[in-house]
1. Output the residue which, of all residues in the range A:47-62 that are hydroxyl-bearing (S, T, Y) and without any contact (Cβ under 8 Å) to a residue 24 or more places away in the chain, is farthest from the other protein chains (Cβ to nearest Cβ).
2. Is one or more of the residues making up the range A:293-303 of a type in the set (A, V, I, L, M, F, W, C) and out of contact with any strand residue (DSSP E or B) (no Cβ under 8 Å at 6 or more places or on another chain)?
3. Assuming A:V331 fulfils every condition listed in (1) of a type in the set (V, I, T); (2) within 21 Å of A:L77 (Cα to Cα); (3) outside any loop (DSSP other than H, G, I, E, B) apart from one, which condition is it?
4. Of A:S189, A:S253, A:S257, A:S263, which residue is free of Cβ contacts under 8 Å to residues at least 12 places away in the same chain and in a loop (DSSP other than H, G, I, E, B)?
5. Report whether or not A:Y94 is within 20 Å of A:V333 (Cα to Cα) and modelled with pLDDT of 95 or more.
6. Can you pull out every residue in the range B:192-201 that is surrounded by 18 or more Cβ atoms within 10 Å (Cβ to Cβ) and either under 30 Å from B:R29 (Cα atoms) or at pLDDT below 95 (or both)?
7. Inside the range A:214-238, can you point out the residues that are surrounded by 24 or more Cβ atoms within 10 Å (Cβ to Cβ) and either assigned to a helix (DSSP H, G or I) or on the phi > 0 side of the Ramachandran plot (or both)?
8. Considering only the range A:203-220, I want to know if a residue exists there that is closer than 30 Å to A:P56 by Cβ and in contact with an Asp or Glu (Cβ under 7 Å, 6 or more places away or on another chain).
Amino acid sequence: MRSVLLLICLAIGCGEAEPGVVVRGARMPVIDMHLHPGDWDHIPPETKEFLSSRFPFPIDLRPDKAAASVLSAEGILGEMDRAGVTVGVLFAIYAPRTVGITSNEDVIADLARDPKRLYGLASLRVDRWNEDREQELANLREALAAPGIIGIKLAHAHQQFRMDTPDYFGIYALAAELGKPIYLHTGTSPFPGTQQAPAYTDPRYLEAAIVAYPGATFILGHLGYDFKTKQPGALEGCIDLATRYPNVYLEPSALGSKGSDPSGDNLRLAMARLREAGLVDRIIYGSDGPQSPGFVEEYLERTVAAMEAADYSVDEARAVLAGNFARVFAVPVPEL
Amino acid sequence: MLALVFLSLSLGTPAPEPTEPAVDTRAARRTRFAEAAVFDIVGGGSRPRTWAGRVYGGYPWLGARGQVGVGPSGLAVGVDFEAARLRRFRPALLLSLRWVDRPRVRLSGDVLLGWLVQTGELHKRGPNVELQVRLALPTGRAAPYVMLGTSHTLLTDRTTVITAAGDTRDLTFRHEWMPRATIGVAIAITRQIGIELGIDLAWYDAPGRTPSIPGIHLGLAFGGGPR
């Protein structure tokens with residue numbers, strides 16, 4: 001009976017993947033710096049509809065149940081286990097008109113589920129900036145002092161504020177003061193309500209802030225990918241900024257997913273271009289999961305395939321998948 | 001096809017002539033339940049003055065069907081109701097006609113005229129028409145069957161744009177297509193009661209969406225009238 005159960009278990013893939021991932025025959029730890037916990041009830045109706053339409057029938061009929069299974073801390077840890085990801089970073093987000101709200105408090109509570117494997121990035125509201133910026137910055141400062149909160153998450157396109165408006169530079173000043181890197185969504189977005197204009201999506205509009213705050217670390221998420229047209233978008237702009245400024249890092253999440261890059265060509269191109277430009281030590285791996293069951297695992301596989309296609313060495317892959325993150329965020333490289 | 005294979009095997013291998021009573025017994029055994037209610041449900045149509053019904057449940061579909069024979073060629077009318085995960089409902093009127101009506105082969109066509117209501121995040125509603133072709137091959141108490149269907153729903157989008165210059169209202173229509181298939185087996189417990197088990201394949205909102213996750217259902221069929 002036990003043998004039968006074991007066979008069934010093997011057949012359906014019970015259990016967890018071995019920690020880490022194999023690149024060119026070498027197993028190495030993985031840090032996924034881009035994971036979204038969440039609460040279905042805190043997502044705007046239009047975005048719920050958009051997200052629902054991405055689930056296959058009949059899961060789309062009860063997307064709340066599907067979301068709950070992957071967006072909770074336990075669900076995310078399960079997806080990390082399935083992918084072999086050792087450490088994950090959970091994002092707070094305040095974009096009430098587009099992708100919704102995941103509060104700093106919720107992320108801090110999620111980190112407590114497994115403090116050795118989860119870190120968090122805090123965020124802040126900017127939609128009443130003229131009235132409450134001081135309070136919002138104070139809230140952010142307080143969140144950044146919480147255990148496990150190691151940086152800041154911003155998404156100009158989703159939060160609907162321009163990248164080049166000095167009114168918001170106080171956020172970068174705080175990041176520089178506290179030594180907390182800032183992750184920024186760059187590129188367009190398929191979510192309803194997103195500001196798609198270049199001033200909200202093109203990382204070149206961040207240059208003034210990058211120059212003004214050399215002590216702040218800017219991580220350009222998605223490499224400026226154009227998710228509307230499924231084209232590389234502002235990839236060259238990201239490369240240009242990272243080449244000229246040492247405080248700019250690059251994160252290739254989401255752009256290489258099955259939905260955004262069906263052939264995988266765009267992710268392969270991006271990883272190849274970053275290596276050609278000598279920017280391997282600036283790449284920090286992230287997936288933008290969990291999205292749906294299996295996404296975290298699949299994105300890691302696609303990224304590894306893209307790195308192998310672009311001839312990344314074992315040491316280069318090790319840096320992309322964990323080493324660069326550990327250096328930038330001043331945390332230890334996880335052990336396998 | 002099975003009949004052809006059987007025929008060719010029979011022609012190629014001369015068999016001893018069976019005695020008349022044995023043939024009669026075997027044939028009678030094979031067709032004893034040919035008029036079972038469960039075969040009317042999976043094979044379509046009903047003879048005049050007979051009726052059949054079914055309730056079924058599974059993932060994601062559950063539902064019920066009732067039909068009564070009203071004319072020649074197994075012509076039947078009835079009602080059909082299906083629901084998916086208690087979020088998508090489609091009540092319909094049913095018209096069924098047998099094209100091939102032999103004890104061991106049932107081939108029929110169904111037309112369902114209904115109304116679709118879907119609640120939740122992807123709420124939608126509109127008139128629905130579904131065409132189904134059913135094939136059942138009763139042998140004794142069992143009948144493997146297959147159903148092929150094409151479901152079409154006309155969806156209406158009403159958009160109201162409110163501006164300082166006044167409101168504008170726009171009405172647009174969309175077509176939702178769902179090809180579907182069910183393959184399964186029906187078992188007649190008696191002529192009046194039976195069960196059936198099927199695998200449900202569908203492609204909701206084809207071809208734009210990814211093919212749907214397969215489903216499974218178990219049904220209880222029952223019926224009455226002269227059988």
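1. Step one: filter the range A:47-62 for residues hydroxyl-bearing (S, T, Y), giving A:47, A:52-53.
Now narrow it down to the ones that are without any contact (Cβ under 8 Å) to a residue 24 or more places away in the chain: A:52-53.
On the way: A:S52: 4, A:S53: 6 Å.
Within the range A:47-62, the match that is farthest from the other protein chains (Cβ to nearest Cβ) is A:S53.
2. No.
3. All conditions are met except number (3).
4. The unique qualifying residue is A:S263.
5. no
6. Residues satisfying the conditions are B:G194, B:E196, B:G198.
7. A:H222, A:L223, A:G224, A:G233, A:L235, A:C238
8. The answer is no; no qualifying residue exists.
The values are calculated or read from the model by the stated rules, or taken from the named source; none is laboratory data. Note that the structure is predicted; figures quoted are calculated from it, not measured. Quick reminder, even Gly has a Cβ in these numbers, built from the backbone with ideal geometry, and neighbours come from all protein chains shown.
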